[in-house]
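Heads up, the thing below is written out as structure tokens.
The values are calculated or read from the model by the stated rules, or taken from the named source; none is laboratory data. None of the values given here were measured: they were computed from a predicted structure. Neighbour counts are summed over all protein chains in view; Cβ atoms, including those assigned to glycine, are modelled from backbone coordinates with ideal geometry.
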Amino acid sequence: MKLPAKQRGIALLTVLLVFGLAAFISRDMMLTGFTDSQRQIALRDSRQAFYYALGAEAYARELLWRDRDLDLEANKNVDGKLDAWYSRELSFPLDEGQLRIRVEDLQGKFNLSNLRQVSGAVDPVAVSQLRRLLGHIGIETDLAYRLADWVDADRAVGSRGAEDEIWLESDSPMLTANTSMAQLGEINHLARLSEQQYRDLNRFLTTLPERTKLNVNTVGVEVLSALAERVSSNGATSLVSRQDLKSYDSVDQAITQSGLAPATLGSFLTTSSEYYEIEVIALYRKRTARFISVVHREPKDGKTRVIYRSQQSRLEAG
């Protein structure tokens, strides 16, 4: 029995609609499945990159431990640019990726924790040193006074400094920390710096958990020249230029051989270091893991521990 033509047309349209709906649902399911699959792949690759980065950090810490172990065997206390850990950038190929590592001696930089004495009072000598360093790199020197008031234990306003009363009236009201700085980024609360100025500060300043001396084998000319008012620029340049050729066994030897003056600089210097920065980038497929770790190395046995880790990096991913 044949259906009328009109009914046959409706039946055909119904069949086509059912097939179209089924095709749409199938396509949607395929796209959802594909998206979920891609998400899982991205998560897996990101996790793999992160583990590669942790492995790179462990490798750098192993270099630091071995270096200290060798020094202990040789009965010496010297860290410098000739050691195996020192590198502006190590690079290792991976299957479908790459590892990049940089290790830096943080005791080659001016430590802002030196602005605060053990008692909590401001260290005027360190403030003067910081003022000279800021002047060398073209940043307002009064920032040193504000930093001193920021870290000292009291709430008394020092010379050209700033305490709670001033900061509470600023555009971003806040209280002074009254303790050592946890990270260099806190400076952005105290001064309006351009990106280039902040990068310059990052090259010469650091924030460590305790007061430290500068390593004569890794310190730069700018920081070394800021230690005293009449530092011999020729002596500072001579000392730093020799760091790639030899590591000094004693501070007196470094001062004598380079002609550095005044001799009292020796009280601010050492030949070894305990604090290092490890910077890592791990590239795996299309994923990147990167972070900077601040590491403390025990002088007695060379064991290292991470005291700070940030998922930021100054190395550029290729």
Quick check on this structure: which one of N188, N215 is more than 17 Å from the chain's Cα centre (by Cα), within 27 Å of Q312 (Cα to Cα) and either polar (S, T, N, Q) or surrounded by fewer than 21 Cβ atoms within 10 Å (Cβ to Cβ) (or both)?
N215
Going residue by residue through the stretch 55-72, is there one that turns out to be under 15 Å from the mean Cα position of the chain (by Cα), more than 30 Å from A254 (Cβ to Cβ) and among the charged types (D, E, K, R)?
yes
Hey, among the residues in the stretch 47-106 that are in contact (Cβ under 8 Å) with a residue 12 or more places away in the chain, among the charged types (D, E, K, R) and more than 30 Å from R242 (Cβ to Cβ), which one's surrounded by the most Cβ atoms within 10 Å (Cβ to Cβ)?
E57
Which condition from (1) assigned to a helix (DSSP H, G or I); (2) closer than 23 Å to V127 by Cα; (3) not hydrophobic (A, V, I, L, M, F, W, C) is the one that Q257 breaks?
(2)
Breaking point among (1) acidic (D, E); (2) more than 30 Å from Y51 (Cβ to Cβ); (3) exposed (fewer than 12 other Cβ atoms within 10 Å of the Cβ), for D301
(2)
Which pairs have Cβ atoms under 6 Å, sit 6 or more apart or on different chains, and link a residue in the stretch 123-144 that is in contact (Cβ under 8 Å) with a residue 40 or more places away in the chain to one that is of a type in the set (D, E)?
H136/E222; I137/D200
Residues that are under 30 Å from F92 (Cα atoms), part of a helix (DSSP H, G or I) and within 20 Å of the chain's Cα centre (by Cα): does the stretch 204-211 have at least one?
yes
Take S267 and decide whether it is assigned to a loop (DSSP other than H, G, I, E, B) and closer than 30 Å to Y308 by Cα.
no
Going through the stretch 171-216 in order, the residues found to be among the basic types (K, R) and in contact with a Leu (Cβ under 7 Å, 6 or more places away or on another chain) are K213
Could you list all residues from the stretch 232-268 that are surrounded by 18 or more Cβ atoms within 10 Å (Cβ to Cβ), touching a Ser or Thr at 6+ places or on another chain (Cβ under 8 Å) and within 18 Å of Q107 (Cβ to Cβ)?
A236, L239, Q243, S247, Y248, V251, A254, L260
Neighbours by Cβ (under 8 Å, 6+ apart or cross-chain): first from the stretch 231-260, in contact (Cβ under 8 Å) with a residue 40 or more places away in the chain and farther than 19 Å from R132 by Cβ; second assigned to a helix (DSSP H, G or I) and not aliphatic (A, V, I, L, M):
Y248/Q257
Which residue is modelled with the highest pLDDT, if the candidates are limited to the stretch 144-179 and must be assigned to a loop (DSSP other than H, G, I, E, B) and hydrophobic (A, V, I, L, M, F, W, C)?
A153
Just to be sure I understand, how many residues within the stretch 268-292 are at pLDDT 95 or above and of a type in the set (G, A, S)?
2
